[in-house]
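Please treat every number below as a calculation from the coordinates, not as lab data. On a predicted model such as this, the values are computed, not experimentally measured, just so you know. Cβ: placed from backbone, ideal geometry, glycine included. Neighbour counts: every protein chain shown.
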Amino acid sequence: MNKPVCAVVGVGPGNGAALARRFAAEGYALALLARSTDVTASLAEELAGSRAYACDVGDPASVERVFQAIARELGPVEVLVYNAGSGSWATIEEASAKDFEQSWRVNTLGAFVASQQVIPAMKQAGQGSIVFIGATASRRGNVKTAVFAPAKAAQKSLAESMARHLWPAGIHVAVVILDGVVDLPRTRKMMPDKPDGFFVSPDELAETVFHVTRQKRSVWSFEVEARPFGEKW
């Protein structure tokens with residue numbers, strides 16, 4: 001029997017890898033998408049039946065090619081987790097138009113095109129899950145988020161439009177608003193004085209996302225907030 005397929009877009013050593021491992025533990029074959037296969041190649045070897053794909057999510061043609069390969073090599077995608085995110089920290093005076101466009105391409109355009117690739121099969125099956133990993137920046141612009149916040153706000157609005165359209169077809173579209181610093185070796189090095197509870201645990205975030213995809217239709221969530229208990233908000 002073929003395994004159900006989960007595509008994780010934006011796989012690095014933190015949240016992306018944790019998401020992949022969580023779904024693999026539940027019997028999914030993983031399509032691991034990242035700009036390069038430096039991290040995902042070894043992860044694919046670890047997770048039986050999974051494959052690594054190099055994909056530039058800011059390029060619609062690249063996204064389309066990769067999802068065609070996933071359908072051909074693994075099968076129809078049952079769960080799509082869009083974890084790709086990009087954006088420099090800058091004020092309106094510091095940011096360039098190129099910075100602004102690139103953030104929109106990675107956070108929003110890529111999410112749009114990736115979703116379009118999986119929706120037909122999900123509609124045919126009458127079920128599926130599409131989860132966007134969002135950010136608190138989607139709710140308000142701050143001084144240094146002139147590039148990042150508008151892209152995340154557009155992503156959240158896209159997800160809401162999709163949810164209203166696709167929920168009746170049995171496709172659960174949701175956003176997980178992530179608020180906090182992800183626990184990575186580099187963030188630990190940058191903040192050596194912070195306790196464990198300060199950081200977002202990738203494994204625990206993955207558990208939250210997996211739970212969202214298992215919700216019953218009578219109690220579907222659209223927006224779930226995920227932050228460390230000590231995070232100010």
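Just a few scattered comments:
- The range 108-233 - charge dipole about Cα centre, Lys and Arg +1 at Cβ, Asp and Glu -1, debye rounded to 20: 340 debye
- Whole-Å distance, taken between Cα centres, linking the range 55-117 and the range 1-36: 16 Å
- For the chain, the longest principal axis of the alpha carbon atoms and the long axis of helix 202-213 meet at an angle near 50°.
- Distances between every pair of Cα atoms in the chain, grouped in 10 Å steps from 0 to the bin holding the largest one, split as 8, 33, 39, 17, 3, 0 percent.
- Relative to the longest principal axis of the Cα atoms of the chain, helix 148-166 runs at roughly 30 degrees.
- Dipole of the range 5-226, positive end: most advanced residue of 55, 28, 113 [Cβ charges, Cα centre]: 113
- Loop-located trypsin sites (Lys or Arg not before Pro) across the range 158-226 with a Cβ neighbour count of 13 or fewer within 10 Å are 214, 216, with loop assigned by DSSP.
- Normalised alpha carbon radius of gyration of the range 14-107 [divisor 2.2 N^0.38 Å]: 1.22
- Potential lengthening between residue 223 and residue 204 on full extension [0.36 nm per residue; Cα-Cα distance subtracted]: 5.1 nm
- Residues 99, 193, 59, sorted so that the one with the fewest Cβ neighbours within 10 Å comes first: 193, 59, 99
- With the highest mean first, a sort of the peptides 219-230, 109-120, 35-46, 12-23 on other beta-carbon atoms found within 10 angstrom per residue produces 12-23, 109-120, 35-46, 219-230.
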